[in-house]
1. Can you pull out the trypsin sites (Lys or Arg not before Pro) in region 15-75 that DSSP calls coil and that have at most 14 other Cβ atoms within 10 Å?
2. Label Val61 and Ala81 with points 7 Å out from Cα along Cα→Cβ: what is the distance between them in nm?
3. Please give the contour-minus-distance gain from Lys132 to Glu93: 0.36 nm per residue of separation, less the Cα-Cα distance, rounded to one decimal in nm.
4. Suppose we keep just the DSSP beta bridges with both residues in region 2-137; what percent of those would be antiparallel, to 5?
5. Angle, helix 40-52 long axis vs. longest principal axis of the chain, Cα atoms, 0 to 90°, nearest 10?
6. In degrees, nearest 10, range 0 to 90: what is the angle between the Cα axis of helix 118-139 and the longest Cα principal axis of the chain?
7. Rg/Rh for the chain: what does it come to with C-alpha atoms and Rh from Kirkwood?
8. What list do you get for Cys79, Cys6 if you sort them by fewest beta carbons within 10 Å?
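No lab work stands behind these numbers, since they all come straight from the coordinates. These figures come from a predicted structure and were not determined experimentally. No Cβ is skipped: glycine too gets one built from the backbone with ideal geometry, and neighbour counts run over all protein chains shown.
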Amino acid sequence: MIVRRCAGGVVFYANKVLLLKNDRDEWTLPKGKIHDGELAQESAIHRVKEETGINATTLQVAGDTMYEFFSRSRQQQVCNAISWYVMEAQNTEYIIKGDFKDGGFYKVKEALELLTHNKEKSLVEISYKKYKEIKKNSCDGSNVAVNYK
């Protein structure tokens, strides 16, 4: 079995999350293999950009997932170990790239119904709670850096 280290983003804009529909008609989140010498967080940012054209910023670690599948091209089992990040987009403008058929920003409730895999549904739920907490803290000033000179 091949084990691949991957990274991805749970990208929010207000109460919406970014989803992609892959070539197997599965609704999923942007993610991909971590290239040699690249940090997981850097890879997540690059993958979101490569797959959607979105310049997202990472806010916090979202968690990790693992899943196995049979690779038609490699003719063997592959295990993807994915590091996820809660991310934020500055707008909802995107471009679907690569092998994806569809995508966009969907209200979280709708996204949870669309997502194909339960692990990603749970990840979106947890990440949305983290995202709302981060936004709440940044609005009330408790997340503001202070410089003492």
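1. Those that pass, being in a loop and sparsely packed, are Arg24, Arg72, Arg74.
2. Label at Val61, label at Ala81, 1.3 nm between them.
3. Length gained, Lys132 through Glu93: 11.9 nm.
4. The answer is about 70 percent antiparallel.
5. The angle comes out at about 70 degrees.
6. The helix 118-139 is inclined about 20 degrees to the chain.
7. Over the Cα atoms of the chain, Rg/Rh equals 1.00.
8. Cys79, Cys6
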